[in-house]
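Asks: Let me give you the structure first, and then I'll get to my questions.
The values are calculated or read from the model by the stated rules, or taken from the named source; none is laboratory data. Note that the structure is predicted; figures quoted are calculated from it, not measured. Using ideal geometry, Cβ is built from the backbone for each residue, glycine included, and neighbour counts are taken over all protein chains shown.
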Amino acid sequence: MEKEVLSKIRAGAKVRVWERIKEGEKERQSSFEGIVIAHKHGAEAGSSFTVRAIISEIGVEKVFQSHSPTIAKVDIISSPKKVHKSKLYHIRDFSSKKIRERLKTK
């Protein structure tokens, strides 16, 4: 992953992660869109980030390895101006409306 994209992935950012999925001989790309709730280990080889999304009224979290070959690309949709915590695990208990209020995003 590019360094400039990796530096923009931080807690509170809304991202769309495109990952490559291989089914038999065919390969396709699938997207997962949500809020980054944690980014661990900076730009190291073992760094990862956790993305949380609400799908069919159920919270789903995926952990992505930053330097994984299965990640095709990462789109940064929006980024909050200021977040006071580096790990946003506490938003698991909030509704979508309350999360937007806390992060001051639209």
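Asks: Take the residues in the range 15-49 that are among the small types (Gly, Ala, Ser) and in a loop (DSSP other than H, G, I, E, B), then tell me which one is nearest to SER66 (Cα to Cα).
Replies: SER47
Asks: Could you tell me which of the residues LYS62, LYS98 is of a type in the set (D, E, K, R) and either in contact with a Lys or Arg (Cβ under 8 Å, 6 or more places away or on another chain) or surrounded by 13 or more Cβ atoms within 10 Å (Cβ to Cβ) (or both)?
Replies: LYS62
Asks: Hey, among the residues in the range 51-106 that are among the acidic types (Asp, Glu) and within 13 Å of the chain's Cα centre (by Cα), which one's nearest to LYS8 (Cα to Cα)?
Replies: Going through the qualifying residues, I end up with ASP75.
Asks: Pairs needed: first member in the range 78-93, over 17 Å from GLY34 (Cβ atoms) and part of a helix (DSSP H, G or I); second member anywhere, at pLDDT 90 or above and not hydroxyl-bearing (Ser, Thr, Tyr); C-beta distance under 9 Å; at least 6 residues apart or different chains.
Replies: Short answer, once both residue conditions are applied: none.
Asks: Further question: Checking GLU4 against (1) of a type in the set (D, E, K, R); (2) within 22 Å of HIS90 (Cβ to Cβ); (3) modelled with pLDDT under 90, which test does it fail?
Replies: Status for GLU4: all satisfied but (2).
Asks: Also, quick follow-up: Which residues, taken from the range 81-93, are among the hydrophobic types (A, V, I, L, M, F, W, C) and modelled with pLDDT under 90?
Replies: VAL83
Asks: Which numbered condition trips up GLY12, out of (1) touching a residue at least 60 places away in the same chain (Cβ under 8 Å); (2) of a type outside the set (Val, Ile, Thr); (3) part of a strand (DSSP E or B); (4) within 19 Å of PHE94 (Cβ to Cβ)?
Replies: All conditions are met except number (3).
Asks: Another question about this same structure. Scan the range 58-70 and tell me whether some residue there is of a type in the set (Val, Ile, Thr), in contact (Cβ under 8 Å) with a residue 12 or more places away in the chain and over 23 Å from LEU88 (Cα atoms).
Replies: yes
Asks: Given (1) at pLDDT 95 or above; (2) among the aromatic types (Phe, Trp, Tyr); (3) more than 20 Å from VAL5 (Cβ to Cβ), identify the lone condition not met by PHE49.
Replies: Status for PHE49: all satisfied but (3).
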